[in-house]
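Chemist: This is the structure I want to talk about, given as structure tokens.
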Amino acid sequence: MKFLKATAAVVTAAALVGGMSVVAQAAPKASGTITYGLWDSNQKAGYVACAAGFKKATGVTVKVEQIGWDDYWTKVNAGFVSGKGYDVFTSHLAFFPEFAAKKQILPLNSYIKRDKVVVDATYQPGLAALWRDPKGVQYGLPKDFDTIAVFYNKQLTDAAGVSAKTMSSLTWNPTDGGTYEKTIAHLTVDKNGKRGDEAGFDKTKVATYGIWMEGSGGGDGQTQWSFLAASNGWKVNDGPWNNNFHYDSPKLAATIKWWHSLSEKGYMPTFAQQNGVGWSDQLAAGKVAMATNGSWMTGSVFGAKSDKFTPALAPTPVGPTGKRASMYNGLADNIYKGTKNPEAAWQWVKYLGSAACQDVIASKAVVFPAIPSSTKKAVAAFTKKGIDVNPFYVHITGKTTFLFPIGDKKSQRNDIINPVMDSIMSGKSDVSALVEMNTKVKALFK
């Protein structure tokens with residue numbers, strides 16, 4: 001289905017939403033060339049293909065540029081200052097509230113109203129609302145979403161006698177770690193061949209760790225500990241844009257204390273040991289048996305070539321609440337407020353948010369598109385590649401997701417939270433530091 005059909009005077013947009021055809025007319029014709037930025041190299045090919053489809057439909061050329069995460073955000077922010085930013089750029093929930101507060105990105109409400117774009121009902125539940133501020137101003141249309149699962153090396157689990165069924169039915173609690181900790185311990189092996197659950201295990205000479213840390217997680221803990229804390233009944237605040245934070249909760253303290261204990265026991269590398277080391281590289285090299293991370297890493301991990309690594313996936317463990325949990329994050333595209341071609345930029349954002357583009361992205365089997373029908377096509381594309389992504393998708397079907405903690409003053413919050421979390425995971429502070437940290441975070445909003 002073509003999302004846009006341009007004529008001399010009219011651009012007609014058509015999208016299928018929940019079986020209902022939505023047609024918008026009388027939008028000005030877009031023309032010219034715009035720039036588009038993204039950070040994920042695995043997704044570039046898909047968006048280049050979308051740009052080709054968009055040009056065929058509208059005549060507008062989109063120049064796609066991909067650069068790595070750190071350099072990407074440096075360029076985005078430098079563009080705001082210089083006035084030479086991308087016309088449209090892939091955005092993140094951690095940053096967009098500040099972009100909106102500083103009026104660096106374009107509100108979309110007038111375009112959405114003019115073109116009669118159906119927003120909330122088009123996408124997976126809750127995704128569109130994440131890109132809407134408390135005043136109801138929409139700044140992006142969802143393009144994809146992600147959840148968390150356990151990546152593991154099947155060669156190592158097979159050698160340890162740990163079945164796929166065991167991996168898919170792990171349980172966790174902060175007291176003794178449940179079968180999750182037992183499995184992590186059993187998959188840990190020292191240089192003498194002793195496993196972490198065997199007598200004589202030497203935690204100072206570990207050859208293969210049971211699990212990887214990947215930093216302290218800051219205040220989000222998206223891939224590190226958020227799913228554990230949530231399955232323990234914790235929530236970061238009282239909802240999107242809410243300033244009542246709960247970092248002082250005993251449930252979070254118990255979770256973080258248990259998580260750090262894995263390093264103390266030798267089952268997980270210390271904060272210093274893992275700093276600056278790529279977790280997926282360690283997984284592929286057989287240096288670690290398992291690691292929790294996001295669905296966006298699936299293509300990269302399963303594409304790794306190593307005779308020591310056979311990739312597999314398992315869902316996050318069931319916690320004390322009796323349920324699994326996963327942070328529910330999603331990306332969208334923002335339009336730079338200073339763009340010289342806002343109409344073409346909007347038409348591109350609208351196209352990115354349509355099935356015309358998201359079906360293309362689905363076919364690449366890299367991420368899960370935000371439109372439900374496109375999500376299913378992505379699952380099918382992964383399956384065709386021999387990858388069972390149900391450990392990620394089970395959170396959608398089972399409704400065990402919780403929203404990314406979106407809100408104001410992210411940079412200031414990070415300045416308070418990150419040093420404390422790093423200190424706890426380094427063993428320099430204990431979890432009691434979370435109480436004072438929470439007080440300081442809440443003080444930002446007084």
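Matching residues to (1) within 27 Å of K165 (Cβ to Cβ); (2) touching a residue at least 60 places away in the same chain (Cβ under 8 Å); (3) out of contact with any Gly (no Cβ under 9 Å at 6 or more places or on another chain):
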{"site": "M213", "(1), (2), (3)": "yes, yes, yes"}
{"site": "W241", "(1), (2), (3)": "no, yes, no"}
{"site": "F245", "(1), (2), (3)": "no, yes, no"}
{"site": "L262", "(1), (2), (3)": "yes, yes, no"}
{"site": "G286", "(1), (2), (3)": "yes, yes, yes"}
{"site": "N293", "(1), (2), (3)": "yes, yes, yes"}
{"site": "S300", "(1), (2), (3)": "yes, yes, yes"}
{"site": "A304", "(1), (2), (3)": "yes, no, yes"}
{"site": "A312", "(1), (2), (3)": "yes, yes, yes"}
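Chemist: Here is a list: Q138, Q124. Which entry is among the polar types (S, T, N, Q), in contact with a Lys or Arg (Cβ under 8 Å, 6 or more places away or on another chain) and surrounded by fewer than 23 Cβ atoms within 10 Å (Cβ to Cβ)?
Modeler: Details: Q124 fails: in contact with a Lys or Arg (Cβ under 8 Å, 6 or more places away or on another chain).
Answer to the check: Q138.
Chemist: Can you tell me which residues in region 348-390 are of a type in the set (G, A, S) and touching a strand residue (DSSP E or B) at 6+ places or on another chain (Cβ under 9 Å)? Talk me through it step by step, then tell me what you get.
Modeler: Taking region 348-390 first, the residues of a type in the set (G, A, S) are 353-356, 362-363, 365, 370, 373-374, 378, 380-381, 386.
If the condition is that a residue be of a type in the set (G, A, S) and touching a strand residue (DSSP E or B) at 6+ places or on another chain (Cβ under 9 Å), then G353, S354, A355, A356, A362, A370, S373, S374, A378 are the ones that fit.
Chemist: Right, something else. Could you grab me the full set of residues in region 305-350 that are closer than 14 Å to T90 by Cα, modelled with pLDDT of 95 or more and within 22 Å of the chain's Cα centre (by Cα)?
Modeler: Hits for region 305-350 are L331, A332, D333, N334, I335, V349, K350.
Chemist: Give the residue, chosen from A149, A57, that is in a helix (DSSP H, G or I) and in contact (Cβ under 8 Å) with a residue 60 or more places away in the chain. Lay out the reasoning, then the answer.
Modeler: On the way: A149 fails: in a helix (DSSP H, G or I).
Result: A57 is the single residue among A149, A57 that is in a helix (DSSP H, G or I) and in contact (Cβ under 8 Å) with a residue 60 or more places away in the chain.
Chemist: Can you pull out every residue in region 206-226 that is in a strand (DSSP E or B) and in contact with a Phe, Trp or Tyr (Cβ under 8 Å, 6 or more places away or on another chain)?
Modeler: Start the filter on region 206-226 by keeping residues that are in a strand (DSSP E or B), which leaves 206-211.
Y209, G210, I211, listed by residue number.
Chemist: Can you find a residue in region 82-96 that is exposed (fewer than 12 other Cβ atoms within 10 Å of the Cβ), at pLDDT 95 or above and either over 20 Å from G140 (Cα atoms) or polar (S, T, N, Q) (or both)?
Modeler: Here is the first cut: in region 82-96, the ones exposed (fewer than 12 other Cβ atoms within 10 Å of the Cβ) are 82-83.
Now drop any that are not at pLDDT 95 or above, which leaves 82.
Keeping just the survivors that are either over 20 Å from G140 (Cα atoms) or polar (S, T, N, Q) (or both) gives 82.
There is at least one residue in region 82-96 that is exposed (fewer than 12 other Cβ atoms within 10 Å of the Cβ), at pLDDT 95 or above and either over 20 Å from G140 (Cα atoms) or polar (S, T, N, Q) (or both).
Chemist: Which residues, taken from region 414-446, are closer than 21 Å to F95 by Cβ and surrounded by fewer than 18 Cβ atoms within 10 Å (Cβ to Cβ)?
Modeler: N414, D415, N418, P419, D422, L444, F445
Chemist: Separate question: Is it fair to say K203 is assigned to a loop (DSSP other than H, G, I, E, B), among the charged types (D, E, K, R) and either over 24 Å from the mean Cα position of the chain (by Cα) or at pLDDT 95 or above (or both)? Write out each step before concluding.
Modeler: Details: assigned to a loop (DSSP other than H, G, I, E, B): yes; among the charged types (D, E, K, R): yes; either over 24 Å from the mean Cα position of the chain (by Cα) or at pLDDT 95 or above (or both): yes.
So K203 fits the description; yes.
Chemist: Inspect all residues belonging to region 340-356 and state whether any of them is within 30 Å of A149 (Cβ to Cβ), in the same structural domain as K55 (by TED's automatic domain parsing) and part of a loop (DSSP other than H, G, I, E, B).
Modeler: There is at least one residue in region 340-356 that is within 30 Å of A149 (Cβ to Cβ), in the same structural domain as K55 (by TED's automatic domain parsing) and part of a loop (DSSP other than H, G, I, E, B).
Chemist: Oh, and also: Could you identify the single residue in V118, V62 that is among the β-branched types (V, I, T), touching a helix residue (DSSP H, G or I) at 6+ places or on another chain (Cβ under 7 Å) and not assigned by TED's automatic domain parsing to the domain that holds M297? Full working, then the answer.
Modeler: Working: V118 fails: touching a helix residue (DSSP H, G or I) at 6+ places or on another chain (Cβ under 7 Å).
Every option except V62 fails the conditions.
The values are calculated or read from the model by the stated rules, or taken from the named source; none is laboratory data. Note that this is a predicted model, so its numbers are computed, not measured. Ideal geometry is used to build each Cβ from the backbone, glycine not excepted, and the neighbour counts take in all protein chains shown.
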